[in-house]
1. Among strands (runs of 3 or more DSSP E) lying entirely in the range A:20-112, which contain 2 or more residues that are farther than 20 Å from A:Ile189 by Cα and out of contact with any helix residue (DSSP H, G or I) (no Cβ under 6 Å at 6 or more places or on another chain)?
2. Of A:Lys398, A:Lys349, A:Lys383, which residue is charged (D, E, K, R), at negative phi and in contact with a strand residue (DSSP E or B) (Cβ under 8 Å, 6 or more places away or on another chain)?
3. Does the range A:400-407 contain any residue that is within 24 Å of B:Ala13 (Cβ to Cβ), without any contact (Cβ under 8 Å) to a residue 24 or more places away in the chain and either in the same structural domain as A:Val232 (by TED's automatic domain parsing) or not charged (D, E, K, R) (or both)?
4. Are any of the residues in the range B:82-99 over 15 Å from the mean Cα position of the chain (by Cα) and under 30 Å from A:Ala240 (Cα atoms)?
5. Would you check which residues across the range B:55-113 are of a type in the set (Asp, Glu) and touching a Lys or Arg at 6+ places or on another chain (Cβ under 9 Å) and list them?
6. How about the range B:69-83: which of its residues are facing another protein chain (nearest Cβ under 7 Å) and touching a Leu at 6+ places or on another chain (Cβ under 9 Å)?
7. Consider only pairs whose beta carbons are under 7 Å apart and that are at least six residues apart or on different chains; among these, list those whose first residue lies in the range A:343-354 and is among the charged types (D, E, K, R) and whose second residue is surrounded by fewer than 24 Cβ atoms within 10 Å (Cβ to Cβ) and at pLDDT below 95.
8. Identify all residues within the range A:498-524 that are of a type in the set (S, T, N, Q) and crowded, with 19+ Cβ neighbours inside 10 Å; write none if there are none.
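The values are calculated or read from the model by the stated rules, or taken from the named source; none is laboratory data. Worth saying up front: this structure is predicted, and the values here are computed from it rather than measured. Quick reminder, even Gly has a Cβ in these numbers, built from the backbone with ideal geometry, and neighbours come from all protein chains shown.
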Amino acid sequence: MNQPEQFTDDLSIVICGEAGQGVQTIQVVLIQVLRLAGYYAFATPEFMSRIRGGSNSTEIRVSSQRIGSFVEKIDFLIPLDRKAISHLDWRISNHTFIIGDQGQLGTEKPVYDIQFQKIAKEIGGDIYFNIIAAGFIIGVFNIDQNLFTNFLKAFFKEKSAEIIEKNCSAGFRGWNLGREFCASRGISISIQQHEDMRNEFFLNGAEAVGLGAIAGGCNFISAYPMSPSTGVLVFLAEQAEKFGIVVEQAEDEISGMNMALGSWYAGGRALVSTSGGGFALMTEGLSLAGCIESPVVVHLAQRPGPATGLPTRTEQGDLELALYAGHGEFPRVIYAPGTIQDAFFCTRKAFEIADRYQIPVFILTDQFLMDSYFSIPLLDFPKDQPLNHIVQTEENYKRYQLTENGISPRGIPGFGRGIVCVDSDEHDEGGYITEDFRVRKSMVDKRLRKEKFLAREILAPELIGDENFKKLVVGWGSTYSVICEALERRGDAQVAFLYCKQIYPLPSEVEMYLKKAKETIVVENNATGQFAKLIKRETGISVTRKILKYDGFPFSVEKIEEAL
Amino acid sequence: MAVSNLDLKCDVAWCPGCGNYGILTLLKEVITELALPREKLVMVSGIGQAAKIPQYFKTNYFNGLHGRALPPATAIKASNPELTVIAESGDGDMYGEGGNHFIHCIRRNPDIKNFVHNNMVYGLTKGQASPTSERGFVTPVQIGGVILEPFNPIAVAIALDASFVARAFVGHQKETKTILKEAIEHHGYALVDIFQPCVTFNKINTYQWFREHTYYLDEKHVVTDRAEAFRRAIETDKLPLGIFYKNPDKKIFEEQLLAYRHEKTPLFQRSRKPDQWAELMKNLVSV
């Protein structure tokens, strides 16, 4: 490990410590300063379901290319406590530089000795540890000190002058230590920088879904906190006053879903955000949306189940839950965004489709997408999207008027002279309870008729790679980046990747592409290949092979590359 | 009183003599006398015989799931505060299946009215115990008699400092009408638990029984005295009727929401906010 090393393309930095030690602060400072210096950066944290103790880490990747996936390899590791090394043992190689207090870490592995804690105490206390560590990495990249200092001043602007001063001097000490480290180990970094990174910003998946909701006109969220979906609730709460969003933490997910339907009924545009267990409680209400033909947008952030499972880990195990949830038969749409931009656009579109077709629309994400930070250019506000699809009612208004496309003009109480009657029992055109079997059949047909028209709205899958592929890799949701990067590394022109951001109704292109391939491989972060089963159900095609992972971790670039 | 504006020709699913008829008539009269505009009234109900009440007169309604009337009622009011919202269902719906929502709705204090038809039995599922059935009440399921403590909605609501808590008996039309009117005119959450005999499945708690086992709180009762209200609420020898408790100082849920800090209009009347968006983007980049 003492060989001189040049990083020209890609670097992986991991910070690991106990919950509450400040891993997150280091992550925020690092990615922002790296961005301001023009680097493509990406951060993905992994953490335990606890508030103190344990071992949490974050991986920060810096690359010449735009990246958004997890790698196992660690180039620079800054362990903040003893447990960190054993926690990450499986990822540490003899190419990993471990930087820390050798005496405290108590490891056999070679460590570049920096007594972070001692220096922090000299500056004014343990609390400065984080900024020294961040400064170290910033020094390794030889980023302009003024840029770093100005960032720190802005970052701590709410603190006292003394604290700001101490943080700046902590950053300065760390920066110098980073320079010394590079000099003594012969490390040089020449990863490409990009001028326009200054105009980008970092978003995690939760914020992207939140922004997409606002862009889609969301003005109501009723949810119960549950990892990894809570970030959306928090984000919208922060924006509630400015954008006029009713934010209510419901007593349970049953209430959350029923509130959302009440809001749509009265003219609101509501979102529910939850994870598998919470969504299980919402399924009764989902079925109600099906019967009363209420729009509703459901954000379902997946984590490993069954039951409480691994609360802070990732999985794509709830596709079938979203697909089959709710008793009875009614149409639905399921989006599975794989990039931060798609998380935004799919959520925005979800509001439009839910409103126009008066159906539930899902955004299926997962912990990896929710908690990882990607940098993206600014997002435009949709000027063209209609405000809503509400009609002013006439005296003899009928909420469930039979129409050719199954969509009845949607009135709301208090807007027009008509009355708006919705019923969870089977109902006639006016919304009144009926047990007439002919009316029943006409209402079922009406509701299902929308599916035919929905087919025109499908988000087509994207083919990444050459059209003349022999082997086709199929993925959905958050595996997008990792599959792209693994394929790029392999550089095999005969392998292409089909990325599905809408998984139900299944786009017809999926069948077309699958039929063209000699070999088809589905990549899924679950144990049973739920998307492969959906493909079989919809197209009759059995994929050749499945690459599955269900240990709670996202796929790494290395694992996909190896498996292909 | 003319209530023809609300009348609806329909096939009613209640048994002859059911207490629900009386409540329907009184409700229509109250709505008419208070001159509530029809298009601005929303009835929200769950499932059960009582929950069918919105089906039987001309009104907007959201007839949702069993036990789930209060969450949509709260959300309807929070999405359009100009609406008058009445959540009306039976004791099984509101206190059993919807017990958790009942508790938290009182905590929120939205300006909605909660009328509960309390007949101490399950009607639509044919005669099983309800949360308010008395101990020893024999049913096809509770064969040896009910062994659970009856749910006391009045005491629970007062314990939670509900802003308006009352109990009525449909057999006393004039008094019930006064209570319903006062509840609707009250600013804040208002619970009216309405005794209403089930003539088919409850042969114990009949019109006669309610007449004999109830009395009215008199004018000496101070409705803002919570401790006294609670003391009255736990009386069981004879069950008090009337307005037990009022807390006029409670803040209203929807009025405190940040969404209504700068704009008071219903959500559907608001425009998009491109300026806020531009500012948000600016802030995100300058982190």
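1. Filter on the range A:20-112 gives A:40-46, A:53-63.
2. When all the criteria are applied, what remains is A:Lys349.
3. No, every residue in the range A:400-407 fails to be within 24 Å of B:Ala13 (Cβ to Cβ), without any contact (Cβ under 8 Å) to a residue 24 or more places away in the chain and either in the same structural domain as A:Val232 (by TED's automatic domain parsing) or not charged (D, E, K, R) (or both).
4. yes
5. B:Glu82, B:Glu88, B:Asp93, B:Glu97, B:Asp111
6. Listed by number, the residues that qualify are B:Pro71, B:Pro72, B:Ala75, B:Ile76, B:Ala78, B:Ser79, B:Asn80, B:Leu83.
7. A:Arg348/A:Pro382; A:Glu352/A:Gln385
8. First, the residues of the range A:498-524 that are of a type in the set (S, T, N, Q): A:502, A:508, A:520.
Within the range A:498-524, A:Gln502, A:Thr520 meet the criteria.
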